[in-house]
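Notes to accompany the following structure.
Values in this text are rule-based calculations from the coordinates and carry no lab data. What you are looking at is a predicted structure, and each value in this text was computed from that prediction instead of being measured. Counting neighbours? That spans all protein chains shown, and the Cβs are built from the backbone with ideal geometry, glycine included.
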Amino acid sequence: MAVTTSTPTSPPSMAQDLLNSLPKTLKLKTKQQELLIRVATLGLIYILAFITRLFSVLRYESMIHEFDPYFNYRTTLYLTEHGFSEFWNWFDSDSWYPLGRIIGGTLYPGLMLTAAALYKILHFLRFAVHIREVCVLTAPFFASNTAIVAYFFGKEVWDSGAGIVAAALIAICPGYISRSVAGSYDNEGVAIFALLLTFYLFVKAVNTGSLSWSLASAFGYFYMVSAWGGYVFIINLVPLYVLVLLIRFVGFQHVQSGEHMAAMGVFFLLQAAVSCGSDIWIVLQVFFFLDWVKHLLGDVKLFQAFLRITVTGAVSVGAIALGVGMASGYISPWTGRFYSLLDPTYAKDHIPIIASVSEHQPTAWSSFMFDFHILLFLFPAGLYFCFKRLSDATIFVVMYGLTSMYFAGVMVRLILVATPAVCLISAIAVSATVKNLTRVVRAKVQTLQSGSGKGTSASKGSSKGVIDNSQPFQKNGAMLLLLGAFYLLSRYAIHCTWVTSEAYSSPSIVLAARGAHGQRVIFDDYREAYFWLRQNTPPDAKVMSWWDYGYQITAMGNRTVIVDNNTWNNTHIATVGRAMSSYEDEAYDIMKSLDVDYVLVVFGGVTGYSSDDINKFLWMVRIGGGVFPVIKEPDYLVNGEYRVDKGAAPKMLNCLMYKLSYYRFGELTTEYGKPPGYDRARGVEIGNKDIKLEYLEEAFTTQNWIVRIYKVKPPKNR
Amino acid sequence: MAKLIFLFLTLIPILCTSFTPEKPSDQRILVLLDDFAVKSSHSLFFKSLQSRGFDLDFKLADDPKIALQRYGQYLYDALVLFSPTIERFGGSIDAAAILDFVDSGHDLIVAADNNASDLIREIATECGVDFDEDTSAVVVDHSGYAVSATEGDHTLIASDDFIKSDAPVLFQGIGHSLNPSNSLVLKVLSASPTAFSANPKSKLTSPPSLLGSSISLVSVIQARNNARILISGSLSMFSNRFFNSGVQKAGSPTKHDKSGNEQFFTELSKWVLHERGHLKAVNVQHHKVGETNEPSIYRINDDLEYSVEIYEWSGKSWEPYVADDVQVQFYMMSPYVLKTLSNDKKGHFFTSFKVPDVYGVFQFKVEYDRLGYTSLSLSKQIPVRPFRHNEYERFIPAAYPYYGAAFSMAMPNTICVCAVRTLV
């Protein structure tokens, strides 16, 4: 860009002119050089953010990953095939049999609409790509865009250097990559982009006071709301931020003046209308209302009396309303997932279905280290710099960082929300440090030329005299520190690449393991099983499985499922959990009542795949027992211990899940030197090798026994 | 060439008759005998079958060439086992093969007798009927016996404990009990309350295991696939001697010239061989009121019409079935709608109802199980969707406060924004 603008065009001999001006244009001014470098760097970051997420495509193939993305893919496919109106009104009779699910009203359509729009654009440009490729590459594409937004955000908060660093950090940060590799077609892929964009535009609006930026911010928020449930974070963070700003300017002289009051009042009223559920907004409203009353009354005593009456009145009315509402069930308490955010132990005690999801677990320290690496240490440093240069923008970033870090600690998947904040604040630390150090390093040259007049403004921390006295040591020290910083940053880059390629690029639908000779072994059992279902079962067959596999069965197997990953009906899931943990004859009645034709279980005993149904089984017992008290967890445990070997509880050895997992497993030798029926996932010899099925029959078992499908027999003829 | 065409033309009617799914009665029956003497001693029974158009194939039970199926096709529609003592069938037939034969919808008549073999007992057990385990025991009744020349033999029983009894039925053989866990098996000829099952030649040392009217003499089973099975504890019941003999029940003054056996087994065999009590349901239709095509999905609160045609096989043709107790369910885990179908006496059953205000995957279910009839179990799956976004009413009265709230919100906003604009 810098090149084109600096060349004056003269019509007669363009080529000649261009050749003449080339050496000149190459000799750019410092500012132009800087711009060129910055744009080039950003371009490289843009590309890097995209290609670092392509490991999964190169390792495996262009495919949709995991569980939820299959639903997103299926709905996107439907959207492109049937159009928006049909999509909006889609009643899906293939899931949650026989209840069905209203798809249009129970999803966040932002992702699907985005992918469908990209697909339409590509087709308009005559790129005949399949919708699957668009879905696979949506997340990396938006990750690149996020990096660019991070640059602008960093620039807005600190300076363009911090922006560049932030863009670079977020482009490869594992915390973000974990949810945005190619094929990870999930809401978070676009939502993080929307989140950061909203925050950026908001900060921009705060800094400039411009209505157009705030409008843009509102649109960003709108997009975020359409894409992900995490929007509640924004709607709560923004008023919290305003509250902090108010507290900070206790005098609030400039807030109190009439026009500002009105403008902000309108703004908050508007926002409050949007988010009636958000308590912080109400606090703000009350605050402003009181302020306004104070302004009107103009008398301190009168105001205090007014305050006393209104507060007591409001509190009592509120308490009565709340009591009546709660008693009559009109006000429903917060959803469990939200509760577990405030109290991390809540779900564990009360809602097994939330506690059972791996991504809802509290975060371990190691995963912080794994996902943030050096950012974990740079984050506090960045906070330090932010506090040293407090402004509206840095306050916002600090608040964003602190709140999101708390949430990241509560729920492992919310590391994702914290990642942009951590990257930004770390970028501030890196940028400020490097800037200071380079200034020190270059200070001598400058002092030789023009004296030490310039560099002091940035290095506020140390006094001028000290710099002058310890110049040589400081220079060496600065060099050393600079080298150290680059070493750390390069370690970060290496770590990120390694994590991406090793940990986060597995599609989890195709499993890879190392063979005895170090070669890669691919287990493609899931797709084998789903393909079998698609090809060999009647089109209206109903498949019962644990809910984890529901989306995949409907998307890949094209068969009706009883429960799926949209865990909206706990009772239905509990019914399946009960069937799985009952004896075969009891389970048969349950399955008949649900018209189940096939039962699908995932079994890792042959391959040593540990996230199979036997390891998830206690959750089925808990969730089933939560609704049907006949299922009791202690029945499946021996002295509080979960076992599948000879010492296992008798009910465990004869429940449906055990039988279906280990049917005929006792005849199989899985490992050399071990007895037949040796379960490699749990490292024991199973306790019940002689399993007879009365009401079900084995229909299909995949190559590595990972997926086993059973057919439910019709009732006895005689 | 002309010859070939002629051959083909003559073959057509044969081919046509051989593929008549419309005709539910059995055609070809395999009769397995212990020895061919039974063929003549029980000829009246066989003759009655043959006169009704059945094609009987008599074989010795241990004939090494007998087979029920060839190339996966069953050769017979029904099987008559008049071979109580057979220990092992010839050819490829065994107990499992016979049960498979039944499970694929074919009918079976089993006659046991004194000293019935384990094989016959096993088949009976699999059908929900347990013969007395004491192999020497027969049914003895000291008050319900038939008066006969040889005084003191109370093993020949005159039973009149069956539906629409005319003359008593003579029975001589072993008793059985019904498996209580089997809900399909049904007593058709029951022993009297004074009967018991024991060896008449030896002294009773312990109370007999089968007692009174819990003893079944003849039982029938209609399997879930509508295959019908008849199990009798006596082979001689079917014999010409019993068919023709007169009967006088002990203590009864009336002496019948002819026992009820012939009529009993004629009617029973009609039922077992699907000449009677066979229903079919065809032409299941449902559609919205005012339309004729079947939709792929209903909307909640749609009005719909459901109809089905039910016919009964009279032995020769399909006659309209007339009943006022056929019900249809609109079912999702439990019936949301249960309606009795009206009929026009021509076999057409119909009703109309409103789809409940619940969405989900429903089924039209007709479960019609009546004694003596084949069970009808029809189910048709249909999803029910909620309203589309543009099918709701535009303005709902209950929502007026919200409309008001929205407007009262919007108005001051506009004013304020305008005011601020002018001020700033």
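Here are the numbers for this structure:
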| read-out | value |
| --- | --- |
| Hull volume in cubic angstrom per residue (convex hull over the Cα atoms of segment B:278-385) | 94 |
| Amide H partners (placed H, <5 Å) of A:THR560, local residues excluded | A:ALA541, A:VAL543 |
| Mean Cβ neighbour count within 10 Å, used as a protection proxy, ranking B:178-184, A:524-530 highest first | A:524-530, B:178-184 |
| Length-normalised contact order of segment B:278-385 in % [C-alpha pairs under 8 Å, at least 6 apart] | 29 |
| Cα-based Lys proximity count in segment A:522-712, under 19 Å, for pairs eight or more positions apart or on separate chains | 21 |
| Fewest-first ranking of B:HIS42, A:HIS123, B:HIS389, B:HIS287, using other Cβ atoms within 10 Å as the exposure measure | B:HIS389, A:HIS123, B:HIS287, B:HIS42 |
| Calculated from backbone phi, Karplus (6.51, -1.76, 1.60) coupling profile of segment A:198-210 in Hz, x at Gly/Pro | 4, 4, 4, 5, 5, 5, 4, 5, 5, 5, 8, x, 8 |
| Antiparallel DSSP beta bridges within chain B, as percent of all bridges there, nearest 5 | 75 |
| Mean residue ellipticity (222 nm) of the protein assembly as shown, computed from DSSP H runs ≥ 4 via -39,500 (n - 2.57), nearest 500 | -15000 deg cm²/dmol |
| The protein assembly as shown: antiparallel DSSP beta bridges as a percent of all, rounded to 5 | 80 |
| Relative frequency of Cα-Cα separations exceeding 16 Å in segment B:338-402, percent | 69 |
| Inter-chain shielding of A:94-100 (mean C-beta neighbours from other protein chains, 10 Å cut-off) | 5 |
| Cut-off 11 Å between beta-carbons: net charge of the residues surrounding B:ALA61, Lys and Arg +1, Asp and Glu -1 | -3 |
| Which listed pairs, of B:LYS249/B:LYS270; A:LYS29/A:LYS204; A:LYS435/A:LYS475; B:LYS23/B:LYS258, have C-alpha distances above 22 Å, in listed order | B:LYS249/B:LYS270; A:LYS29/A:LYS204; B:LYS23/B:LYS258 |
| Chymotrypsin sites (Phe, Trp or Tyr not before Pro) within segment B:332-424, DSSP loop, no more than 10 other Cβ atoms inside 10 Å | B:TYR392, B:PHE395 |
| Net charge contributed by nearby residues that have their C-beta within less than 13 Å of B:VAL38 (K/R +1, D/E -1) | 0 |
| Number of partner chain Cβ atoms within 10 Å, mean per residue of A:711-717 | 3 |
| Relative contact order (%) - criterion: Cα under 8 Å, at least six apart; region: chain B | 11 |
| For B:385-397, mean number of other protein chain Cβ atoms within 10 Å | 2 |
| Burial ranking of peptide ranges B:117-126, B:243-252 (average Cβ count within 10 Å, highest at the top) | B:117-126, B:243-252 |
| Residues with amide H under 5 Å from that of A:ILE509, placed H, sequence gap 5 or more | A:GLU66 |
| Ratio Rg/Rh, restricted to the protein assembly as shown and using Cα atoms, in which Rh is the Kirkwood radius | 1.12 |
| Most to least packed among A:135-145, B:204-214 [average Cβ atoms within 10 Å] | A:135-145, B:204-214 |
| Relative contact order (percent, whole number), segment A:619-718, Cα cutoff 8 Å, 6+ residue spacing | 17 |
| Pairs of alpha carbons in segment A:50-128 whose separation is greater than 18 Å (percent) | 52 |
| Equivalent ellipsoid semi-axes - Cα gyration tensor, chain B, angstrom | 62, 29, 20 |
| Net charge of neighbours whose Cβ lies under 9 Å from the Cβ of A:GLY100, counting Lys and Arg as +1 and Asp and Glu as -1 | 0 |
